[in-house]
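> This is the structure, below, for whatever I ask next.
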Amino acid sequence: MQKVYAWPSVLVGLVGAGIQASRTPLLHEREGALHGLRYIYKLIDLEVMHLDASALPDILTAAQRLGFSGLNITHPCKQAVIPLLDELSPDAAALGAVNTVVLKDGKRVGHNTDWWGFAESFKLALPDVKKNRVVQFGAGGAGAAVAHALLTLGVDEVILIDTHEDRAQTLARSLHERFRARASATTDYPAALKTADGIVNTTPLGMEKYPGMAFPAEFLRPDLWVADIVYFPLETQLLREARARGCRTMSGGGMAVFQAAGAFRLFTGLEPDAARMTQHFEGM
């Protein structure tokens with residue numbers, strides 16, 4: 001009788017709103033297959049299910065009962081999920097934002113691979129740009145991770161702009177305490193952009209669900225570099241306008257790949273091939 005060998009099975013998912021265009025499931029599943037895993041990645045789209053972040057307790061409980069190895073967490077749940085977890089990694093605790101939850105031995109442990117994903121992508125895409133002053137739009141969960149990455153990369157000053165000014169102020173204070181670096185919040189984006197070396201968008205603006213830009217294109221100029229963490233679509237209006245004006249740009253694709261590699265490592269205990277995952281991502 002012929003022996004049948006069953007591949008080890010891994011079940012994970014992504015929780016967020018408006019995530020139907022996400023490339024993350026296929027990215028994980030392809031890498032998992034190449035490691036000999038029966039890797040299944042489910043989208044848990046709050047928008048499709050007519051739910052909001054208040055459904056997180058039920059989602060986490062269901063995931064544990066169904067044998068999920070973990071969940072990726074995206075907008076608008078990266079901060080809302082924290083009170084529902086048993087433990088936080090040092091990075092997640094420092095950032096106050098979680099994008100990966102590992103479910104193991106009855107515990108929910110929150111991690112953050114976003115900041116590392118942004119940093120690795122930045123080092124490849126914009127290795128030699130000037131980093132004295134960076135203006136960052138967005139101070140939510142993703143914004144906290146990116147600002148952490150920027151200061152880790154050696155940026156001298158980060159200026160935060162958010163529609164919720166108190167959120168930007170809170171993040172600025174946290175960054176200053178952790179890095180002893182200059183971090184501030186403002187609502188005067190024209191003045192901030194005037195002296196900036198680079199701009200980063202960490203808001204949902206630019207996504208298919210949230211088209212547009214965080215500021216008028218007229219403030220872009222050729223000596224600026226511009227990074228966006230949105231990756232569906234890869235070419236956001238911000239990046240399109242920036243390139244048209246001669247700016248160096250970085251899409252959200254690299255961050256998506258590297259944060260996924262970090263999450264894959266946490267879910268499986270296996271070392272992903274980030275270069276191979278990048279090739280898969282670019283071929284989707």
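> Give the number of residues within region 189-222 that are assigned to a strand (DSSP E or B) and farther than 16 Å from residue 143 by Cα.
Total meeting the criteria: 0.
> Return the residue satisfying two criteria in turn: it lies in region 256-280 and is open to solvent by less than 10 Å² (accessible area, probe 1.4 Å) and of a type in the set (A, V, I, L, M, F, W, C), and of such residues it is farthest from residue 14 (Cα to Cα).
277
> Those residues that are within 21 Å of residue 81 (Cα to Cα), open to solvent by 10 Å² or more (accessible area, probe 1.4 Å) and in a loop (DSSP other than H, G, I, E, B), I need them from region 7-41; list them, please.
Listed by number, the residues that qualify are 17, 18, 20, 22.
> While we're on this one: May I ask you to list pairs of residues, at least six apart or on different chains, whose Cβ atoms are under 6 Å apart, with the first in region 171-186 being in contact (Cβ under 8 Å) with a residue 40 or more places away in the chain and the second being open to solvent by 30 Å² or more (accessible area, probe 1.4 Å)?
185/169
> Restricting attention to region 142-154, which residues are within 19 Å of the chain's Cα centre (by Cα) and open to solvent by 10 Å² or more (accessible area, probe 1.4 Å)?
Result: 142, 148, 151, 152, 153.
> Given 138, 206, which one is out of contact with any Leu (no Cβ under 6 Å at 6 or more places or on another chain), buried (at least 20 other Cβ atoms within 10 Å of the Cβ) and at positive phi?
After ruling out the rest, the residue left standing is 138.
> Only residues in region 193-221 that are over 19 Å from residue 76 (Cα atoms) and modelled with pLDDT of 95 or more count as the first member; pair them with residues that are open to solvent by 60 Å² or more (accessible area, probe 1.4 Å) and in a loop (DSSP other than H, G, I, E, B), Cβ under 6 angstrom, at least 6 apart or cross-chain, and list the lot.
Between residues of region 193-221 that are over 19 Å from residue 76 (Cα atoms) and modelled with pLDDT of 95 or more and residues that are open to solvent by 60 Å² or more (accessible area, probe 1.4 Å) and in a loop (DSSP other than H, G, I, E, B), the close pairs are 197/130; 197/132; 220/245.
> When region 42-96 is examined, which residues are found to be crowded, with 20+ Cβ neighbours inside 10 Å and of a type in the set (Lys, Arg)?
78
> Okay, next question. Check region 226-242 and report whether any residue there is surrounded by fewer than 21 Cβ atoms within 10 Å (Cβ to Cβ) and touching a strand residue (DSSP E or B) at 6+ places or on another chain (Cβ under 6 Å).
no
> Those residues that are farther than 18 Å from residue 154 by Cβ and either buried (at least 24 other Cβ atoms within 10 Å of the Cβ) or touching a residue at least 12 places away in the same chain (Cβ under 8 Å) (or both), I need them from region 105-135; list them, please.
Matches in region 105-135: 106, 107, 108, 109, 110, 111, 112, 113, 114.
> Let me ask another. I'd like the full set of residues that are without any contact (Cβ under 8 Å) to a residue 60 or more places away in the chain and part of a loop (DSSP other than H, G, I, E, B), limited to region 61-80.
If the condition is that a residue be without any contact (Cβ under 8 Å) to a residue 60 or more places away in the chain and part of a loop (DSSP other than H, G, I, E, B), then 66, 67, 68, 80 are the ones that fit.
> Which count do you get for residues in region 163-188 that are assigned to a loop (DSSP other than H, G, I, E, B), at pLDDT 95 or above and among the basic types (Lys, Arg)?
So the answer is 0.
> Ok, one more. Mind checking whether some residue in region 137-155 is within 24 Å of residue 77 (Cα to Cα), assigned to a strand (DSSP E or B) and touching a Ser or Thr at 6+ places or on another chain (Cβ under 6 Å)?
yes
> Right, next: In region 60-99, how many are more than 22 Å from residue 259 (Cα to Cα) and β-branched (Val, Ile, Thr)?
Looking only at that region, the number is 1.
> How about region 228-284: which helices (runs of 4 or more DSSP H) wholly inside it have at least 3 residues that are over 18 Å from the mean Cα position of the chain (by Cα)?
By residue number, 237-244, 274-283.
The values are calculated or read from the model by the stated rules, or taken from the named source; none is laboratory data. Here the structure is a predicted model, which is why all the values come from computation and not from measurement. Neighbour counts run over all protein chains shown; Cβ positions are idealised from the backbone, glycine included. Each accessible area value is taken on the protein alone, full model and side chains, heavy atoms only, with ligands, DNA and RNA left out. Shrake-Rupley method; radii C 1.70, N 1.55, O 1.52, S 1.80 Å.
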